[in-house]
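To start, the structure itself, in structure tokens.
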Amino acid sequence: MSMDSHIEKVLWTQDQISRRVTELAAQITHDFNSVSPPPVVVGVATGAFLFLADLVRNIHLPISVDFIRAESYGSGTLSSGAPVLSLDSKLDVKDKHVEDIVDTGTTLSSLIANLVSKGASSVSVCTLLDKPARRKIQVELVGEGKFYRGFECPDYFVVGYGMDFAELYRNLPYVGVLKPECYK
């Protein structure tokens with residue numbers, strides 16, 4: 001059975017995602033063109049790896065790239081609300097501008113606090129998907145931080161383009177709604 005048959009509907013196609021990521025990268029390039037030192041882009045593994053790769057290839061500035069791992073879903077479909085930071089960034093972010101790449105969820109505030117505790121001078125957020133309907137904590141940006149949103153996502157459990165259910169479906173080239181019978 002193909003993975004496509006597990007998808008109820010496609011929300012954003014590969015082409016739509018590619019266009020939007022290019023637009024986000026152009027905006028980030030514009031906004032950080034005169035920033036010194038160059039920004040550090042921190043991706044949240046593993047869900048952001050495709051988004052991060054596509055985004056940084058289109059940012060036309062000198063940047064550093066790193067990953068952190070924060071887990072809040074496990075193998076379920078709802079965030080536990082208590083993210084666990086299981087892999088910290090290796091780059092020094094003290095006095096630097098940090099781009100925090102996340103898909104969406106309650107882990108964001110914890111990740112920002114972690115970066116601030118390491119001395120980041122500003123923290124911006126670039127998320128492919130924003131689910132304001134599920135927001136429990138108002139996100140506080142740091143310093144001159146900005147918020148970049150790819151798409152506003154309806155309240156569905158979505159997979160693809162790096163996002164998963166139980167570590168599966170990350171390799172779908174689009175973002176789609178997973179059929180409930182695949183995770184119930």
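The values are calculated or read from the model by the stated rules, or taken from the named source; none is laboratory data. Because the structure is a prediction, the values reported are computed rather than measured. Cβ sites come from the backbone with ideal geometry, for glycine too, and all protein chains shown count toward neighbours. Keep in mind that these areas ignore ligands, DNA and RNA; they rest on the heavy atoms of the full protein, side chains included. Shrake-Rupley method; radii C 1.70, N 1.55, O 1.52, S 1.80 Å.
Less than 15 Å Cβ to Cβ from K9, Lys/Arg counted +1 and Asp/Glu -1: what total charge do the surrounding residues give?
Values: positive: K179; negative: D4, E8, D155, E181.
Charge balance near K9 sits at -3.
Order L61, L24 by their accessible area, 1.4 angstrom probe, all chains in place, largest first.
Numbers: L61 30, L24 5 Å².
These residues rank, largest area first, as L61, L24.
Evaluate the Kirkwood expression for the hydrodynamic radius of the stretch 2-41, namely the inverse of the mean inverse distance over all pairs of different C-alpha atoms, and round to one decimal in Å.
On the way: mean 1/r = 0.0782 Å⁻¹.
Evaluated on the stretch 2-41, it is 12.8 Å.
Loop only per DSSP, at most 13 neighbouring Cβ atoms within 10 Å: give me the GluC sites (Glu not before Pro) in the stretch 105-163, ordered by residue number.
Working: sites: E140, E144, E152; in loops: E140, E144.
Loop-located and lightly packed - E140, E144.
Return a whole-number percent for the relative contact order of the stretch 100-184, with Cα pairs under 8 Å and 6 or more residues apart as the contact set.
Computed value for the stretch 100-184: 23 percent relative contact order.
At what distance in nm do the modelled label points of R170 and H30 sit from each other, each positioned 7 Å from its Cα along Cα→Cβ?
Between R170 and H30, the label points sit 3.3 nm apart.
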